[in-house]
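*Asks:* Here you go, one structure.
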Amino acid sequence: MRIAVFGAGRMAEIRIEDMVLDSRITEIAVINRSPQRAEALSARFGVKVLPEERFKPEDFDSYVITTGTSHHATALDLVIGPNRKIFCEKPIALELAETDQVLKRLSESGAEMQVGFQRRFDPPIAKAKQLIDAGSVGTLYHLRFMSNDIEPSSREFLAGSGGIFRDLHVHDFDLAEWLCSEQIAEVYATRRVREFQQYAEFEDGDVSLIHAMTNSGVQISISGTRHDPRGHDVRFEIFGSKDSVSAGLAPRTPLNLLDPGIALSDRPYSGFVDRFREAFRQETKAYIEWLAGNRPNPCSPDSARSGICIAIACEISAREKRVVKVSEVRGS
């Protein structure tokens with residue numbers, strides 16, 4: 001299979017690093033505005049560098065979009081077409097209208113898209129999903145998510161990130177709906193600047209807290225911070241009528257445990273790639289299996305739309321200080 005990769009940054013490097021190990025991938029071409037970064041990937045992995053003006057979609061079997069979110073639309077314009085399979089890192093777009101435009105074009109053209117929500121593929125998280133679906137957890141009572149970045153964001157990143165709900169918590173929204181097999185119905189959200197004032201410049205926060213509830217009444221709490229002095233910390237707990245399970249509490253979790261008898265590593269997770277490297281590997285493997293026709297699409301673009309809708313509902317809630325029905329954003 002021949003793959004065209006748009007972008008030459010960190011996510012392109014991760015995807016290419018995994019794809020070159022699969023013998024079914026016979027060619028990888030990198031299309032990027034900066035030839036220097038593309039050449040660096042070529043030197044490391046032996047991939048082809050292709051100028052955008054020479055790109056022809058018919059020369060490839062699939063397309064991987066790893067550019068910054070603001071450039072997704074440009075890349076998708078080049079690749080959406082009949083019966084084409086596309087992988088796009090989350091989010092498809094930061095705005096709901098732009099997301100809907102892409103979904104409409106996919107539907108009209110007959111193209112398919114897998115969205116990059118890598119947390120689904122983290123082995124302990126995938127195991128939690130299996131236990132829930134098998135009925136081993138019983139009736140779901142409460143899901144509690146924690147997402148803590150290690151370092152505060154730069155102003156350059158903040159200018160295009162979309163804010164803490166659209167950038168950070170969209171992963172939690174996706175996991176919550178995927179684990180529960182139903183949509184989040186309503187949210188009450190807050191965000192504040194507690195330490196890093198650059199967030200205030202963008203009407204954002206460096207801390208957040210969300211209470212959500214699904215259509216059937218599962219209670220969900222989600223907390224986030226843009227800075228954790230000990231490391232990158234992403235985990236959750238699930239409480240049900242038959243069991244309580246946790247994912248992400250591991251020897252490298254960045255915590256100062258005060259209770260005796262539990263030892264943690266002195267090498268905590270240093271960032272999201274370190275924390276989720278195996279998840280990215282399994283996600284890329286699932287993408288290749290999907291291309292080969294061996295499995296269904298593991299993460300449809302509808303999940304990206306739902307995440308953006310919930311994020312917008314959280315913004316409304318934080319601004320208006322009220323519970324917001326997500327249906328106010330989703331529409332009919």
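*Asks:* Just subtract the alpha-carbon distance of Leu96 and Leu209 from 0.36 nm times their residue separation and send over the number in nm, one decimal.
*Replies:* 38.4 nm
*Asks:* Under 10 Å, Cα contacts only: if you run a Gaussian network model on the chain, which one of Ala40, Ala189, Ala75 comes out with the highest mean-square fluctuation?
*Replies:* Among Ala40, Ala189, Ala75, the largest GNM mean-square fluctuation belongs to Ala40.
*Asks:* Something else now. Treating only the Cβ of Lys, Arg, Asp and Glu as charged (+1, +1, -1, -1), what charge dipole size does the stretch 41-124 show about its Cα centre? Round to the nearest 20 debye.
*Replies:* That gives the stretch 41-124 a dipole magnitude of about 300 debye.
*Asks:* Taking springs between alpha-carbon atoms closer than 10 angstrom, which of Asp22, Asp174, Asp259 fluctuates most in the Gaussian network model of the chain?
*Replies:* Among Asp22, Asp174, Asp259, the largest mean-square fluctuation in the Gaussian network model of the chain belongs to Asp259.
*Asks:* Something else: May I ask you to compute the full-extension gain from Lys104 to Asp22, defined as 0.36 nm times their residue separation minus their alpha-carbon distance, rounded to one decimal in nm?
*Replies:* Residue separation times 0.36 nm, minus the Cα-Cα distance, leaves 26.3 nm.
*Asks:* Any idea which of Ala29, Tyr269, Thr190 is furthest toward the positive side of the dipole for the chain, if Lys and Arg beta-carbons carry +1 and Asp and Glu beta-carbons -1?
*Replies:* Tyr269
*Asks:* I would also like to ask the following. Loop sites only, by DSSP: take the GluC sites (Glu not before Pro) in the chain that have at most 16 other C-beta atoms within 10 Å and name the longest stretch containing none of them.
*Replies:* My reading of the result: 204-332 is the longest stretch.
*Asks:* So if each residue of separation counts as 0.36 nm, and I subtract the Cα-Cα distance between Arg192 and Lys127, what length gain in nm does that give?
*Replies:* Gain on stretching Arg192 to Lys127: 20.0 nm.
*Asks:* Also: Suppose only helical runs count, i.e. DSSP H with n ≥ 4. What mean residue ellipticity at 222 nm does that imply for the chain under -39500 (n - 2.57) per run, divided by all residues and rounded to the nearest 500 deg cm²/dmol?
*Replies:* One gets -11000 deg cm²/dmol as the mean residue ellipticity at 222 nm.
*Asks:* Let me confirm the definition first: pairs of Lys residues in the chain, 8 or more apart or on different chains, C-alpha distance under 26 Å. How many are there?
*Replies:* Close lysine pairs found across the chain: 22.
*Asks:* Over the chain, consider all pairs of different Cα atoms and compute the Kirkwood hydrodynamic radius from their mean reciprocal separation; express it in Å, one decimal.
*Replies:* Across the chain, the inverse of the average 1/r is 20.8 Å.
*Asks:* Using r as the Cβ-Cβ distance of Leu257 and Ala134, and R0 as 35 Å, what FRET efficiency do you calculate, to the nearest 0.05?
*Replies:* The formula returns an efficiency of 0.70 here.
*Asks:* Which distance in nm do the two modelled labels at Phe157 and Arg54 give, with both placed 7 Å along the Cα-to-Cβ direction?
*Replies:* Between Phe157 and Arg54, the label points sit 3.4 nm apart.
*Asks:* Rounding to the nearest 20 debye, state how big the charge dipole of the chain is about its Cα centre with +1 on each Lys and Arg Cβ and -1 on each Asp and Glu Cβ.
*Replies:* Result for the chain is approximately 320 debye, rounded to the nearest 20.
*Asks:* Given points 7 Å out from each Cα along the Cα-Cβ axis, report the Ala40 to Leu249 separation in nanometres with one decimal.
*Replies:* Result: 3.9 nm between the two label points.
Just so you know, all these numbers are worked out from the coordinates, no wet-lab data involved. Everything quoted here is computed from the prediction, not taken from an experiment. Backbone-built Cβ (ideal geometry, glycine too); neighbour counts: all protein chains shown.
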